[in-house]
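Just below is one structure, and these are the notes that go with it.
A short reminder: the numbers here are calculations on the coordinates, not readings from a lab. Quick caveat: nothing in here was measured; it's all calculated off a predicted structure. Glycine gets a Cβ as well: all are built from the backbone with ideal geometry, and neighbour counts include every protein chain shown.
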Amino acid sequence: MGEAIAFYSLAALILGLGLAVITARSTVYSVLFLVANFLCVAMLYVLLRAEFLAVIQVLVYAGGIVVLYLFVVMLVNLKRGPEDHADPRRRDRLGLAMAGLVFGQLLAVAIYAFWPSQATGGASATAARGIGNVEQVGHALYVEYLVPFEVASVLLLVAMIGAILLAKREL
C-alpha cells in the first residue's frame, strides 16, 4: 500500500514538473524544473528496485545533459529578436539533407527493432542464468540494442558540435 502511494505521488509529481518545464517563462527555470523531473524519475527507479538505472539517470541526465542545456541557454542570447538570428550563410539544402539522413537512421533503427531476431533467449534467458542487474543492462545495451545506442551517441555528438559552433560564433 505504501509503495503504491509513493508510486502515484511520484508519477503525479513527474507529470506536474513536466508541465512546468514546458510552461515556464524563463529557460533557466525550465531547466531547473527538468533537473527536478529527472531526480523524481530516479526516485521512481529506486522504488522499482532498479538502482543501477537510478544512478545512471542522475549521472547522465541530471548531471550531463542538463549541463549541456544550461551551456546552450547561457551561450545563446535569447533577448534578441528573431531577425537578428537570421544567418545569410544558411544552407537550407544541406539542412534538409541532414534531416533526411537522421530520418533514415531512425527508420533503420525502427526496422532493426521490429525485425525478427535470430538470437535465441534474450533478457529472460540471462535472468534465468542468474546474471545480475548490471550485467543484464550491459548485455542488452551492447548486444541487443547496439544500433539504437550508437544512434543516440551520434545524436549527442551532433548536439555537442552544434553547441561548440554556436559558442564559437559569439566569441
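Neighbouring Cβ atoms within 10 Å as the yardstick, rank F7, F38 fewest first.
F7, F38
Hey, rough spin-label estimate for A97 and L165, points 7 angstrom out along Cα→Cβ, what's it come to in nanometres?
According to this spin-label approximation, the distance is 1.3 nm.
Taking Cα centroids, how far is region 137-153 from region 38-55 in Å?
When both Cα centres are located, 20 Å separates them.
Provide the gained length on full extension for the span L47 to A4, in nm with one decimal, where the gain is 0.36 nm per separating residue minus the Cα-Cα distance.
Working it through step by step, the gained length comes to 14.5 nm.
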